[in-house]
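A.B. asks: Pasting a structure here, questions to come.
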Amino acid sequence: RTYSNEASRYQRIMMLNTSDLARPYVVDVFRVAGGTIHDYVFHGSIRYDQTWECSFPLVTNTATYPMLEPGETWVEPTSSGSSFEYYGFWRNVNSNQTPGNFQITYRDTSASNRDTRLWMMDDGTANVYLGRTPVPSRSNGEPADWWVNGLWRPSTIIRKRIPSGALQDLFVSVVEPMNNGVSVIQNVERLPMNGSSLESCALKITFTGGLVDT
């Protein structure tokens, strides 16, 4: 219902493949239609510190609130019931148009090496905005102060946008949890399909060592 005034279609399928416990991954298929802006959001952990990496160069945006639209203003929330422009959360944003398929990696800064990599399929029309967003708390329950806490996580927006009309998209990606910080996926490729590229997809996932999932 959140998108009822804008989205005429909103479907999400996430499939966890653990048939081989040494090579787990999630296939994420997101079909959306309507409105002029579609955002695929990929957040880091709220439980521990992480850094980010992108497989292509990004340009730093020096604006304090780089993701706010013209006319929007930021008001700091003080509770879970506060009213505010959500995109004002994004700080220290770096951005660029994608070159095609790309990867975003979040690295655990501790010795646990709980790293995660997003393999995103793209035709080069999306823009990536990668920065950080606040974490209210790392313990259960609602914190006394929702904003001034010094806790942050890496966050990414992958955005498709048109000036007018009704936008149609199919976001296709693979999320890989990396054991001890080591990726076992060598490449992810979206294969051509008969019919509409918005209504079907196929992936070829190549692992180090030569194994292939299709």
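The values are calculated or read from the model by the stated rules, or taken from the named source; none is laboratory data. Bear in mind that the values here come from a model prediction, so they are computed numbers and not experimental data. Ideal geometry is used to build each Cβ from the backbone, glycine not excepted, and the neighbour counts take in all protein chains shown. Heads up: the accessible areas ignore ligands, DNA and RNA and are worked out on the full protein's heavy atoms, side chains in. Shrake-Rupley method; radii C 1.70, N 1.55, O 1.52, S 1.80 Å.
A.B. asks: Residues of segment 21-43 being more than 27 Å from residue 152 (Cα to Cα) and either of a type in the set (A, V, I, L, M, F, W, C) or at pLDDT below 90 (or both), which ones?
C.D. replies: Matches in segment 21-43: 21, 22, 29, 32, 33.
A.B. asks: Name every residue in segment 52-71 that is open to solvent by 70 Å² or more (accessible area, probe 1.4 Å) and not charged (D, E, K, R), in order of residue number.
C.D. replies: Quick first cut of segment 52-71, residues open to solvent by 70 Å² or more (accessible area, probe 1.4 Å) only: 52-53, 57, 59-60, 62, 64-65, 70-71.
Result: 52, 57, 59, 60, 62, 64, 65, 70, 71.
A.B. asks: While we're on this one: Going by the structure shown, is residue 189 of a type in the set (Asp, Glu), surrounded by fewer than 17 Cβ atoms within 10 Å (Cβ to Cβ), on the phi < 0 side of the Ramachandran plot and under 20 Å from the mean Cα position of the chain (by Cα)? It would help to see each step written out before you state the result.
C.D. replies: Values: of a type in the set (Asp, Glu): yes; surrounded by fewer than 17 Cβ atoms within 10 Å (Cβ to Cβ): yes; on the phi < 0 side of the Ramachandran plot: yes; under 20 Å from the mean Cα position of the chain (by Cα): yes.
The answer is yes for residue 189.
A.B. asks: Within segment 1-15, can you find the residues that are of a type in the set (A, V, I, L, M, F, W, C) and modelled with pLDDT under 95?
C.D. replies: Going residue by residue through segment 1-15, those that are of a type in the set (A, V, I, L, M, F, W, C) are 7, 13-15.
Across segment 1-15, the qualifying residue is only 7.
A.B. asks: Right, something else. Which condition number does residue 92 fail, the rest of (1) in contact with a Gly (Cβ under 7 Å, 6 or more places away or on another chain); (2) part of a strand (DSSP E or B); (3) in contact (Cβ under 8 Å) with a residue 60 or more places away in the chain being met?
C.D. replies: (3)
A.B. asks: Another question about this same structure. Please go through segment 111-124 and pick out each residue that is out of contact with any Asp or Glu (no Cβ under 6 Å at 6 or more places or on another chain) and open to solvent by 50 Å² or more (accessible area, probe 1.4 Å). Before you say what the answer is, go through the steps one by one.
C.D. replies: First pass over segment 111-124, keeping only residues out of contact with any Asp or Glu (no Cβ under 6 Å at 6 or more places or on another chain): 111-113, 116, 118-124.
The answer is 111, 112, 123.
A.B. asks: Go over the candidates 159, 107 one by one and state the one that is open to solvent by less than 50 Å² (accessible area, probe 1.4 Å), within 23 Å of residue 61 (Cα to Cα), charged (D, E, K, R) and assigned to a strand (DSSP E or B).
C.D. replies: On the way: 107 fails: open to solvent by less than 50 Å² (accessible area, probe 1.4 Å).
Residue meeting the stated conditions: 159.
A.B. asks: Would you mind finding the one in 81, 88, 71, 44 that is touching a Leu at 6+ places or on another chain (Cβ under 9 Å) and small (Gly, Ala, Ser)? Spell out the reasoning first.
C.D. replies: Details: 81 fails: touching a Leu at 6+ places or on another chain (Cβ under 9 Å); 71 fails: touching a Leu at 6+ places or on another chain (Cβ under 9 Å); 44 fails: touching a Leu at 6+ places or on another chain (Cβ under 9 Å).
Of 81, 88, 71, 44, the one residue that is touching a Leu at 6+ places or on another chain (Cβ under 9 Å) and small (Gly, Ala, Ser) is 88.
A.B. asks: If the requirement is being over 22 Å from residue 62 (Cβ atoms) and open to solvent by 30 Å² or more (accessible area, probe 1.4 Å), which of these qualifies: 127, 96, 140? Working first, answer last.
C.D. replies: On the way: 127 fails: over 22 Å from residue 62 (Cβ atoms); 96 fails: over 22 Å from residue 62 (Cβ atoms).
Of the residues listed, the single one that is over 22 Å from residue 62 (Cβ atoms) and open to solvent by 30 Å² or more (accessible area, probe 1.4 Å) is 140.
A.B. asks: Can you name the number of the only condition in (1) open to solvent by less than 60 Å² (accessible area, probe 1.4 Å); (2) closer than 23 Å to residue 92 by Cα; (3) not in a loop (DSSP other than H, G, I, E, B); (4) not β-branched (Val, Ile, Thr) that residue 170 fails?
C.D. replies: Unmet for residue 170, out of (1) open to solvent by less than 60 Å² (accessible area, probe 1.4 Å); (2) closer than 23 Å to residue 92 by Cα; (3) not in a loop (DSSP other than H, G, I, E, B); (4) not β-branched (Val, Ile, Thr): (2).
A.B. asks: Just to be sure before I move on: is residue 74 free of Cβ contacts under 8 Å to residues at least 40 places away in the same chain and open to solvent by less than 60 Å² (accessible area, probe 1.4 Å) in the structure I sent? Lay out the reasoning, then the answer.
C.D. replies: Numbers: free of Cβ contacts under 8 Å to residues at least 40 places away in the same chain: yes; open to solvent by less than 60 Å² (accessible area, probe 1.4 Å): yes.
Answer is yes for this residue.
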